[in-house]
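Asker: Here it is, the structure, as structure tokens.
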Amino acid sequence: MNKKRLEQLKSIAISLPDKPGVYQFYNSENKIIYVGKAKNLKKRVSSYFLKNYDSGKTKILISKINNIKYIVVNSEQDALLLENNLIKKYQPRYNVMMKDDKSFPWICIKNENFPRVFYTRKHIKDGSLYFGPYTSIKMVKVILDFFKQLYKLRTCNYNLSQKNIKQNKFKVCLEYHIGNCKAPCVEKQNEDEYNKAIDEIKNILKGNIYNVTKYLKNLMQKYADKYKFEEANKIKEKIKILENYQSKSTIVNPSINNVDVFSIIDDEKSAYVNFLKVVNGAIIQVHTLEMKKKLDETKEELLPMAITEIRQKLSIDSKEIILPFYPDIKLDYTKIIVPKRGDKKKLLELSERNVKYYRLEKIKQFERINPQKRYDRILNTIKKDLHLNNLPVHIEGFDNSNIQGTNAVASCVVFKNAKPFKKEYRKFNIKTVTGPNDFASMEEIVYRRYKRLIDENKSLPQLIVIDGGKGQLNAAIKSIKKLNLYGKIAIIGIAKRLEEIYFPEDPTPVYLDKNSESLKIIQQIRNEAHRFGITFHRDKRSKSMVKSELDEIKGIGEKTKQKLLEKFKSISKIKQADFNELEEIIGKAKAKLLLGYFQRTC
């Protein structure tokens with residue numbers, strides 16, 4: 001942006017009123033590229049041109065601004081509402097993009113005579129009532145089955161106007177004959193009776209179950225007083241079904257009435273906002289909104305936008321909302337609570353769990369389609385958690401294995417893109433160390449491994465994981481320094497007892513979250529290096545024991561030993577073999593030698 005244009009924009013910003021409102025940035029093609037809200041238009045818009053932004057995205061936005069327009073409103077909440085409507089209308093390039101769970105099912109009470117009650121995935125503004133959205137189609141079907149047991153509602157799509165009914169345009173159908181419908185189409189059920197059932201259904205879907213059960217109990221008593229015990233028993237069964245439904249829905253104190261709960265979680269690219277509608281302690285509505293970031297927006301900026309969008313979309317007007325923090329904008333006619341303990345805190349925690357699961361499920365769905373994205377995400381997480389300079393695409397892990405200094409070996413495992421790359425695993429016999437000296441052994445194998453890679457001009461890892469604490473790590477660092485690789489390759493040690501992560505030249509370990517993907521990958525590398533090393537150590541020890549016993553027998557050479565081991569696999573099985581079995585493998589003379597030796601040593 002040239003200086004002249006910048007000065008013009010500054011002069012526009014400075015001339016704006018000190019009032020709440022909404023501002024719009026236009027580009028050179030007179031197209032809206034950004035819509036924002038402000039408590040104070042003058043201060044907010046001027047800030048774009050008076051301070052330096054670290055975010056590259058914001059700098060790009062500012063460079064594209066060619067003109068500024070604004071709308072003054074009465075309150076901060078009005079600004080929030082107007083901003084939300086303008087973003088939906090114009091979909092500016094640099095504004096947050098909102099994606100909700102619109103494909104989830106709703107329960108619809110149709111705007112018609114003798115309303116039908118059914119589920120749909122389309123929210124049509126035709127005067128009908130919609131309840132939801134629900135996170136599971138199974139839950140919707142359970143609720144509708146519950147209504148089917150309680151009430152006999154029509155399922156046909158006839159126009160049941162009084163005129164059509166009076167003209168006898170309809171005939172009773174199978175649903176009437178099997179007892180699922182009372183046939184209002186032929187005046188076997190009047191509209192007032194039908195609408196009473198619809199009112200009860202509305203109350204149930206709103207969570208007002210108490211009034212419905214109270215009405216049904218009074219009705220049951222009336223039937224009983226008139227000795228209509230069969231009808232009274234039917235009402236009793238309905239009450240049982242209703243109370244069972246309520247018991248499954250109630251999760252906290254039933255005195256919590258008509259409260260909205262919002263929670264938010266975000267990452268670098270998106271934010272997710274979960275909404276719970278709570279009436280009489282029961283969750284009757286759930287909704288999750290996904291917001292695609294454009295300008296590195298914070299949770300504090302995004303949550304008020306999400307609240308406005310959800311409350312508008314679902315026609316919510318609760319007077320109390322529960323939030324994880326106080327928003328920086330005032331919401332009129334609404335009491336905001338940030339609970340620290342108690343049942344309302346439990347509700348907030350429930351919402352937070354839901355939004356975390358929603359985000360994880362979204363990530364899993366995406367990664368099932370794009371498997372490489374999962375590994376990219378894990379590698380970026382490791383880079384962030386370990387403060388690495390480079391993405392750890394290639395990681396190597398080391399471990400020693402010996403028993404009282406005998407058959408000392410070591411292992412190197414290789415992970416690429418956060419997955420084991422077994423064809424590049426390497427085994428090492430310790431050559432320069434005598435006795436059980438883990439530190440010296442680690443120093444030797446790390447030196448040998450990377451000296452060879454350098455000599456063969458092969459690629460080096462971005463991260464080395466050493467199985468052990470500070471001592472093993474320092475031993476490995478000695479070799480890294482000898483090879484002039486210190487500072488070029490990241491290296492850490494992981495101690496087994498408390499899973500401490502040690503860094504070079506830092507005596508204080510780091511503790512990663514036990515559920516973090518970074519720690520799980522590091523543990524997998526450590527465990528794989530240990531498994532590979534132990535397997536090699538056992539094989540070597542077993543072979544050395546076999547070799548030492550068979551070497552004692554004069555006349556039994558290498559080829560004979562090889563034949564015996566290929567056939568019998570172990571010394572114990574060779575000892576159990578009879579003369580004929582041995583003769584068949586190694587001949588009569590050597591079979592006699594072998595049996596004679598075993599008889600003398602047993």
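The values are calculated or read from the model by the stated rules, or taken from the named source; none is laboratory data. All of these numbers come straight from a predicted model, not from anything done at the bench. Note: ideal-geometry Cβ built from the backbone for every residue, glycine included; neighbour counts use all protein chains shown. We work out accessible area using only protein heavy atoms, side chains counted, and drop any ligands, DNA or RNA first. Shrake-Rupley method; radii C 1.70, N 1.55, O 1.52, S 1.80 Å.
Asker: Looking at (1) open to solvent by 80 Å² or more (accessible area, probe 1.4 Å); (2) modelled with pLDDT of 90 or more; (3) of a type in the set (A, V, I, L, M), can you tell me which one VAL261 breaks?
Answerer: Unmet for VAL261, out of (1) open to solvent by 80 Å² or more (accessible area, probe 1.4 Å); (2) modelled with pLDDT of 90 or more; (3) of a type in the set (A, V, I, L, M): (1).
Asker: Follow-up. Go through SER28, SER46 for me and flag whichever is crowded, with 18+ Cβ neighbours inside 10 Å, without any contact (Cβ under 8 Å) to a residue 60 or more places away in the chain and polar (S, T, N, Q). Walk me through how you get there before you give the answer.
Answerer: Working: SER28 fails: crowded, with 18+ Cβ neighbours inside 10 Å.
When all the criteria are applied, what remains is SER46.
Asker: What number of residues in region 150-196 are open to solvent by less than 90 Å² (accessible area, probe 1.4 Å) and on the phi > 0 side of the Ramachandran plot?
Answerer: Within region 150-196, residues that are open to solvent by less than 90 Å² (accessible area, probe 1.4 Å) and on the phi > 0 side of the Ramachandran plot number 2.
Asker: To continue, here is another question. So which of ASN527, ASN515 ends up being among the polar types (S, T, N, Q), surrounded by fewer than 20 Cβ atoms within 10 Å (Cβ to Cβ) and in a loop (DSSP other than H, G, I, E, B)? Break it down into steps so the answer makes sense when it comes.
Answerer: Numbers: ASN527 fails: in a loop (DSSP other than H, G, I, E, B).
Being among the polar types (S, T, N, Q), surrounded by fewer than 20 Cβ atoms within 10 Å (Cβ to Cβ) and in a loop (DSSP other than H, G, I, E, B) holds for just one of ASN527, ASN515, which is ASN515.
Asker: Within region 277-290, identify whether any single residue is touching a strand residue (DSSP E or B) at 6+ places or on another chain (Cβ under 6 Å), assigned to a helix (DSSP H, G or I), over 23 Å from ILE204 (Cβ atoms) and among the charged types (D, E, K, R), and answer yes or no.
Answerer: No, region 277-290 contains no residue that is touching a strand residue (DSSP E or B) at 6+ places or on another chain (Cβ under 6 Å), assigned to a helix (DSSP H, G or I), over 23 Å from ILE204 (Cβ atoms) and among the charged types (D, E, K, R).
Asker: A further question on this structure: Here's a check for you: in region 545-593, which residue that is in contact with a Ser or Thr (Cβ under 9 Å, 6 or more places away or on another chain), modelled with pLDDT under 80 and part of a helix (DSSP H, G or I) is least open to solvent (accessible area, probe 1.4 Å)?
Answerer: Among residues in region 545-593 that are in contact with a Ser or Thr (Cβ under 9 Å, 6 or more places away or on another chain), modelled with pLDDT under 80 and part of a helix (DSSP H, G or I), the one least open to solvent (accessible area, probe 1.4 Å) is LEU550.
Asker: Name the single residue, out of those in region 91-109 being part of a loop (DSSP other than H, G, I, E, B) and modelled with pLDDT of 80 or more, that is surrounded by the fewest Cβ atoms within 10 Å (Cβ to Cβ). Explain how you work it out, then say what you get.
Answerer: The initial filter retains those residues of region 91-109 that are part of a loop (DSSP other than H, G, I, E, B), namely 91-96, 101-105.
If we keep only those that are modelled with pLDDT of 80 or more too, we end up with 91-96.
Values: GLN91: 12, PRO92: 22, ARG93: 14, TYR94: 17, ASN95: 24, VAL96: 19.
Only one residue tops the list, namely GLN91.
Asker: I've got another one for you. I'd like to check something: does region 470-491 contain any residue that is surrounded by 15 or more Cβ atoms within 10 Å (Cβ to Cβ) and in a loop (DSSP other than H, G, I, E, B)?
Answerer: Yes - at least one qualifying residue is present in region 470-491.
Asker: From the list LYS335, LYS319, LYS344, exactly one residue is more than 22 Å from ASP267 (Cβ to Cβ), over 25 Å from the mean Cα position of the chain (by Cα) and touching a residue at least 60 places away in the same chain (Cβ under 8 Å). Which is it?
Answerer: LYS319
Asker: Collect the residues in region 422-439 that are outside any loop (DSSP other than H, G, I, E, B) and surrounded by fewer than 16 Cβ atoms within 10 Å (Cβ to Cβ), keeping them in residue-number order.
Answerer: Matches in region 422-439: LYS422, LYS423, GLU424, ASN429.
Asker: Go through the residues of region 70-90 one by one and say whether even a single one is open to solvent by 60 Å² or more (accessible area, probe 1.4 Å), hydrophobic (A, V, I, L, M, F, W, C) and either closer than 19 Å to LEU295 by Cα or part of a helix (DSSP H, G or I) (or both).
Answerer: No, every residue in region 70-90 fails to be open to solvent by 60 Å² or more (accessible area, probe 1.4 Å), hydrophobic (A, V, I, L, M, F, W, C) and either closer than 19 Å to LEU295 by Cα or part of a helix (DSSP H, G or I) (or both).
Asker: Pick from region 530-544 the residues that are open to solvent by 40 Å² or more (accessible area, probe 1.4 Å) and at pLDDT 80 or above: which of them is farthest from GLN599 (Cα to Cα)?
Answerer: Step one: filter region 530-544 for residues open to solvent by 40 Å² or more (accessible area, probe 1.4 Å), giving 530-531, 534-535, 538-544.
When the remaining residues are screened for being at pLDDT 80 or above, the result is 530-531, 534.
Working: HIS530: 40, ARG531: 38, ILE534: 34 Å.
Looking at residues that are open to solvent by 40 Å² or more (accessible area, probe 1.4 Å) and at pLDDT 80 or above, I get HIS530.
Asker: Confirm whether ASN354 is under 14 Å from the mean Cα position of the chain (by Cα), at pLDDT 85 or above, within 23 Å of LYS206 (Cβ to Cβ) and not β-branched (Val, Ile, Thr).
Answerer: Details: under 14 Å from the mean Cα position of the chain (by Cα): yes; at pLDDT 85 or above: no; within 23 Å of LYS206 (Cβ to Cβ): yes; not β-branched (Val, Ile, Thr): yes.
Against the criterion (under 14 Å from the mean Cα position of the chain (by Cα), at pLDDT 85 or above, within 23 Å of LYS206 (Cβ to Cβ) and not β-branched (Val, Ile, Thr)), ASN354 does not qualify.
Asker: Which pairs have Cβ atoms under 9 Å, sit 6 or more apart or on different chains, and link a residue in region 352-364 that is over 22 Å from PRO339 (Cβ atoms) to one that is open to solvent by 80 Å² or more (accessible area, probe 1.4 Å) and of a type in the set (Lys, Arg)?
Answerer: Hits for this filter: ILE363/LYS373; ILE363/ARG374; LYS364/ARG374.
Asker: In region 1-49, what residues are of a type in the set (S, T, N, Q) and over 12 Å from ILE71 (Cα atoms)? Please lay out each step first, then the result.
Answerer: Applying the first criterion (of a type in the set (S, T, N, Q)) to region 1-49 yields 2, 8, 11, 15, 24, 27-28, 30, 40, 46-47.
Once the filter is applied, which keeps residues that are of a type in the set (S, T, N, Q) and over 12 Å from ILE71 (Cα atoms), region 1-49 yields ASN2, GLN8, SER11, SER15, ASN27, SER28, ASN30, SER46, SER47.
Asker: Quick check: anything in region 243-251 at pLDDT 70 or above, open to solvent by less than 40 Å² (accessible area, probe 1.4 Å) and assigned to a helix (DSSP H, G or I)?
Answerer: Looking for residues that are at pLDDT 70 or above, open to solvent by less than 40 Å² (accessible area, probe 1.4 Å) and assigned to a helix (DSSP H, G or I), one finds none in region 243-251, hence no.
Asker: May I pose another question? Specify the residue that is farthest from the chain's Cα centre (by Cα); the eligible residues are those in region 198-212 that are among the hydrophobic types (A, V, I, L, M, F, W, C) and modelled with pLDDT under 90. Walk me through how you get there before you give the answer.
Answerer: Pass one, region 198-212, residues among the hydrophobic types (A, V, I, L, M, F, W, C): 198, 201, 204-205, 209, 212.
Checking the rest, the ones that are also modelled with pLDDT under 90 come to 201, 204-205, 209, 212.
On the way: ILE201: 35, ILE204: 32, LEU205: 29, ILE209: 34, VAL212: 39 Å.
Checking each candidate, the answer is VAL212.
Asker: Scan ILE60, ILE14 and give me the residue that is surrounded by fewer than 18 Cβ atoms within 10 Å (Cβ to Cβ), over 22 Å from ARG93 (Cβ atoms) and modelled with pLDDT of 85 or more. Walk me through how you get there before you give the answer.
Answerer: Numbers: ILE60 fails: over 22 Å from ARG93 (Cβ atoms).
Result: ILE14 is the single residue among ILE60, ILE14 that is surrounded by fewer than 18 Cβ atoms within 10 Å (Cβ to Cβ), over 22 Å from ARG93 (Cβ atoms) and modelled with pLDDT of 85 or more.
Asker: Would you mind stating whether LYS496 is more than 15 Å from HIS394 (Cβ to Cβ), open to solvent by 10 Å² or more (accessible area, probe 1.4 Å) and among the charged types (D, E, K, R)? Before you say what the answer is, go through the steps one by one.
Answerer: Working: more than 15 Å from HIS394 (Cβ to Cβ): yes; open to solvent by 10 Å² or more (accessible area, probe 1.4 Å): yes; among the charged types (D, E, K, R): yes.
So LYS496 passes the test.
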